[in-house]
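The values are calculated or read from the model by the stated rules, or taken from the named source; none is laboratory data. Keep in mind it's a predicted model, so treat the numbers as computed, not measured. Backbone-built Cβ (ideal geometry, glycine too); neighbour counts: all protein chains shown.
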Amino acid sequence: MAHCDAQTLSLIAIGEEPSADEALHLVTCDACRREWESLRAVVDVARDVDDDELMPPPAHVWAAISEEIAADAAGADAGNVVPLRAKRGFAPWIAAAAAVGLVLGGVGGALLMRSTPPEIVASVALEPLADYTATGNAALEVVDGTEMLAVDVTGLPATDGYFEVWLLAPDASSMIALGTLGPGETAVLPLPAGVSLADYPVVDISAEPYDGDPAHSTDSVVRGTLPA
Amino acid sequence: MNGASIVRLDVERMARRGGGPIMSVVEPLEPADPARDADAADARLAAAFPTGGEPTFAAVYDRWSPLVYSTARRVLLDSHEAADVTQEVFVSAWRSRASFDPARGSLPGWLLTITRRRVADHLERRTRQADPTDTPAEDSAHAPVDEAVDRILIADELGRLGEPPATIMRLAFYEQMTHAEIAEALQLPLGTVKSHVRRSLQRLRDRWEVDRGAL
């Protein structure tokens, strides 16, 4: 018979009964048998997966990591051989900056910790709106020539929906949806080419219900205006 | 999603009735694919990682630390040690991030390679601390790292299939339902269920091969 199609092989892999012809074909055709076996291997592993297989690490792990990488930056700069004609105050400035970064964390920390010339074009603190208490940072970074907006917030309210990241015109008369916030309250989202920060300088994060309506819910949680 | 399914249902019905070409029905080639959007987001994150700052690194941590932590936990059977391994892996990843080349391999594969080394270090330390007169540990209580990585990668991908594929695959995997039973239970056309089973299974296999290929 002809080769088994991909759908048939998938159904046999999840345990459905092959027809007599299909069973015979699988015995005789190496290509189909290999395809079936590779799908079957996935099914075997998947059936073995426990409900709690995938767990996030406890929260203190990230705190320990941020501390260690901030200490790295301070240590590396303090340990540098100081050139004879060093710019005065350079090393202490970096060390102080790194220490501030350690306290501020987030975008400010990353900006100050950078040893290479900053690729951050602009950054801003995000302030809560209305009754919300969430805060955060947003930074416009250039990665391989692509402008990306990195956001990092904490203290978002509980929601049945999700959070969307927007760029708004100063008077909020027009806006661009950049994407959704990840589960860790962070996101790195590419800016559409041709979008100018001069036109859309306001970073806005909104609480959105799962209503299929692509428009802004008007329920903004935090906001900040990127400097020109 | 519902829209796509309904359209397909109509097309199947009309086909069964022997209707002619249905010019007025716009049938999407494929139903919406949330997993593909998630892949694109992962790829952007991996591309930004080598030169990105701390917010990018934080996003990488949010996305992939459960894989690292869960792999270590499954092998070491100790959540404190697994937390230590996670810290070591991500500090090391931050320090060597410039050496990660998105063109050469997947970021989770790269992180899991570091995880394997750290887990091996921890196992070795245990053996050294154990009574030297003990026979070398067979480690029968510890799942081999490869097996742990396989399960964790599949668990991660299962969580990213979106709906309805995730529900369809759950019923196929854990309730051992046939595609006909699933179609009946979810009120979906047979063809839609078959297509989801094929696409999801192929996707799980392909992602699995990419991410473990770096090991």
Of the numbered conditions (1) under 29 Å from the mean Cα position of the chain (by Cα); (2) outside any helix (DSSP H, G or I); (3) modelled with pLDDT under 90, A:Pro57 fails exactly one; give the number of that condition. (3)
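Using the structure shown, decide if B:Pro102 is modelled with pLDDT under 90, closer than 24 Å to A:Trp62 by Cβ and surrounded by fewer than 22 Cβ atoms within 10 Å (Cβ to Cβ). Break it down into steps so the answer makes sense when it comes.
Values: modelled with pLDDT under 90: yes; closer than 24 Å to A:Trp62 by Cβ: yes; surrounded by fewer than 22 Cβ atoms within 10 Å (Cβ to Cβ): yes.
Spelling it out, B:Pro102 is indeed modelled with pLDDT under 90, closer than 24 Å to A:Trp62 by Cβ and surrounded by fewer than 22 Cβ atoms within 10 Å (Cβ to Cβ).
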So, A:Thr135, is that one at pLDDT below 85, among the polar types (S, T, N, Q) and within 18 Å of the chain's Cα centre (by Cα) or not? no
Counting just the residues of segment B:184-202 that are more than 15 Å from B:Ala166 (Cβ to Cβ) and part of a loop (DSSP other than H, G, I, E, B), which one comes out farthest from the other protein chains (Cβ to nearest Cβ)? B:Gln187
Filter segment A:174-194 for residues that are surrounded by 13 or more Cβ atoms within 10 Å (Cβ to Cβ) and under 22 Å from A:Val142 (Cβ atoms) and give the result. A:Ile176, A:Ala177, A:Leu178, A:Gly179, A:Leu181, A:Gly182, A:Thr186, A:Ala187, A:Val188, A:Leu189, A:Pro190, A:Leu191
From the set of residues in segment B:94-111 that are in contact with a helix residue (DSSP H, G or I) (Cβ under 6 Å, 6 or more places away or on another chain) and hydrophobic (A, V, I, L, M, F, W, C), which is nearest to the other protein chains (Cβ to nearest Cβ)? B:Trp94
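For residues in segment A:40-54 being in a helix (DSSP H, G or I) and more than 8 Å from chain B (Cβ to nearest Cβ), which is farthest from A:Gln7 (Cα to Cα)? Break it down stepwise before answering.
Initially, segment A:40-54 is screened for residues in a helix (DSSP H, G or I), giving A:40-48.
Add one more test, that the residue is more than 8 Å from chain B (Cβ to nearest Cβ), and what stays is A:40, A:44.
Details: A:Arg40: 13, A:Asp44: 18 Å.
Restricting to residues being in a helix (DSSP H, G or I) and more than 8 Å from chain B (Cβ to nearest Cβ), the top hit is A:Asp44.
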Only one of (1) of a type in the set (Asp, Glu); (2) facing chain B (nearest Cβ under 9 Å); (3) surrounded by fewer than 18 Cβ atoms within 10 Å (Cβ to Cβ) is not met by A:Glu37, so which one is it? (2)
Taking segment B:143-183 and keeping only residues that are within 11 Å of chain A (Cβ to nearest Cβ) and more than 30 Å from B:Tyr69 (Cβ to Cβ), one is left with B:Gln176, B:Met177, B:Thr178, B:His179, B:Ala180, B:Glu181, B:Ile182
